[in-house]
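Written out below as structure tokens is the structure these notes cover.
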Amino acid sequence: MRSPRPRLAWLLALLLGIYGCERPAAPVEAEVYAMGTLVHFSLYGASPEAAAEAIRAAEVWLQAFGRDGWAFGDGELAHLNAALARGECRRVSADLAAQIRLARAVSGASEGRFDPAVGPLVRLWGFDRAPRDPDRPFPQPDAIAALLPLPPISAVTVSAAGEVCGPRGLFIDLGGIGKGYAVDHVVADLARRGIPAALVNAGGNLKSWGEPPGRGWRIGIRDPYRPGVMATLALAAGEAVSTSGDYERMFDHDGTRYHHILDPRTGYPVAGLHAVTVVHADAALADAASTALFVAGPEQWRPVAAALGIAQALVVQADGTVAMTPAMAGRVRFVPGWAPPHAAGD
Ligand code: ADP
Ligand code: MG
């Protein structure tokens, strides 16, 4: 007969084990370089082995996705662009077809403010490389004018089987939507693997899954003026946040700042806003929408947000004032004392 002692020890261990599972545990954190940016992972509640395996799988997928989605490299999108330049159609993967379909929809709803057909302009401005080569010549106005009007992404067709056709001269750059699409994919994969809670952040495009034990998510919105955070936001499970700004990829020329979000109609970087943050359940839509609202500028971002089905948006205008939709204003908490530099007097 077994003595009661080991049984008690077993029971205690079981209770402690259960109790241990319910205590807020430190997340497994990891960083992966893909799509020209750092992708940060925080995974909660999974075993170290399951977390490591999920992150390894995500890294493999992200790196292939980054190669295939980079218009200026040698992957799938580059091959599609080469085919379009030859006047040919090309069958693409389900992921690429999905991005192009969503990009077409966002382009239509934003009346062309978001348009991945900006590819030739992105190259002319030197934003086809990150970091930008400082020796690249400043674009000549007539070289910009020669590219306009751009053939719009609406001229591209994507068949149900994923065959893409479009006019010659159309060159697709998915830099404004790919990181959000990737975050949706990676988070869905973490969920499929049974990871209880996670936050994935790809260079300002983040999405949550589940909730960390014992507390909710609270994320920071970057200060567009200086390193640090301007405000925080409590995030529900499954929400995505995307920020587009003029402070990340830019250069100065003759005292003027030129950044990587271009107006497809004028061919020049868009002035008027410093940063746009949007919240939506779909990270790909949030990514494209933050770019679209940035192009829309201080006068037009509200109707463009409404047309895109974005109820939650925050913009930092060029004069430093912050404007928000009512739904966003209800949940953003500003860092005490935060002010734009000129208002703060520094
Ligand atoms: P980031 O890539 O820094 O997160 P965005 O999501 O706003 O910023 O995307 C900017 C990128 O999108 C640019 O680097 C360029 O590749 C592409 N792009 C620039 N202007 C536009 C535009 N008007 N519409 C769609 N894509 C754009
Ligand atoms: Mg974007």
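Search the structure for amide H atoms under 5 Å from the amide H of Phe171, placed 1.01 Å from N in the peptide plane, and list their residues when 5 or more places away or on another chain.
Those lying under 5 Å, H to H, from Phe171 are Gly119.
For Arg226 and Arg331 in the same chain, what is the full-extension length gain: residue separation times 0.36 nm, less their Cα-Cα distance, in nm?
35.5 nm
In a solvent-free Debye calculation with one equal scatterer on each Cα, what is log10 I(q)/I(0) for the range 37-125 at q = 0.16, 0.17, 0.21, 0.25 Å⁻¹, listed in the order of the q values?
Each listed q corresponds, in turn, to -0.82, -0.88, -1.11, -1.30.
What is the P(r) of the range 74-165, as percent of Cα-Cα pairs per 5 Å bin from 0?
Values per bin, smallest distances first: 3, 12, 19, 22, 20, 14, 7, 2, 0.
For the range 75-114, which GluC sites (Glu not before Pro) are both in a DSSP coil and crowded by at most 13 other Cβ atoms within 10 Å?
Those that pass, being in a loop and sparsely packed, are Glu88.
In degrees, nearest 10, range 0 to 90: what is the angle between the Cα axis of helix 48-69 and the longest Cα principal axis of the chain?
Around 10 degrees separate the two axes.
Give me, ordered by chain and number, the residues 5 or more places off Gln312 or on other chains with an amide H under 5 Å from its own placed amide H.
Amide H to amide H, under 5 Å and 5 or more residues apart or across chains, Gln312 pairs with Val279.
Can you check what the Kirkwood hydrodynamic radius comes to for the range 199-346, Cα pairs only, in Å to one decimal?
Working: mean 1/r = 0.0634 Å⁻¹.
Its Kirkwood hydrodynamic radius stands at 15.8 Å.
Can you pull the accessible area of Ser244 for me, 1.4 Å probe, Å² to the nearest 10?
10
Dividing the alpha-carbon radius of gyration of the chain by 2.2 N^0.38 Å (N being the number of residues), what value is obtained? Don't skip to the end; give the middle numbers.
Values: Rg = 22.6 Å, N = 346, 2.2 N^0.38 = 20.3 Å.
Dividing the Cα radius of gyration by 2.2 N^0.38 Å gives 1.12.
Full-extension gain between Val60 and His79, please, as 0.36 nm times their residue separation minus the C-alpha to C-alpha distance.
Result: 4.8 nm gained on full extension.
With label points built 7 Å along Cα→Cβ from the Cα atoms of Ala52 and Cys89, find their separation and express it in nm.
Distance between label points: 4.8 nm.
Just how far, in whole angstrom, is the range 127-175 from the range 37-78 if you go by their alpha carbon centroids?
Cα centres, the range 37-78 to the range 127-175: 26 Å.
Working from Cα positions, state the angle (0 to 90°, nearest 10) between the long axis of helix 4-22 and the longest principal axis of the chain.
So the inclination is approximately 20 degrees.
Using θ = phi - 60° and the Karplus curve 6.51 cos²θ - 1.76 cosθ + 1.60, what whole-Hz ³J(HN,Hα) does each residue of the range 141-149 get, with Gly and Pro shown as x?
Ordered by residue, 3J(HN,Hα) equals x, 6, 5, 5, 4, 5, 7, 9, x Hz.
The values are calculated or read from the model by the stated rules, or taken from the named source; none is laboratory data. These numbers come from a predicted model, not from an experiment. Using ideal geometry, Cβ is built from the backbone for each residue, glycine included, and neighbour counts are taken over all protein chains shown. These accessible areas exclude ligands, DNA and RNA; they are computed on the full protein's heavy atoms, side chains included. Shrake-Rupley method; radii C 1.70, N 1.55, O 1.52, S 1.80 Å.
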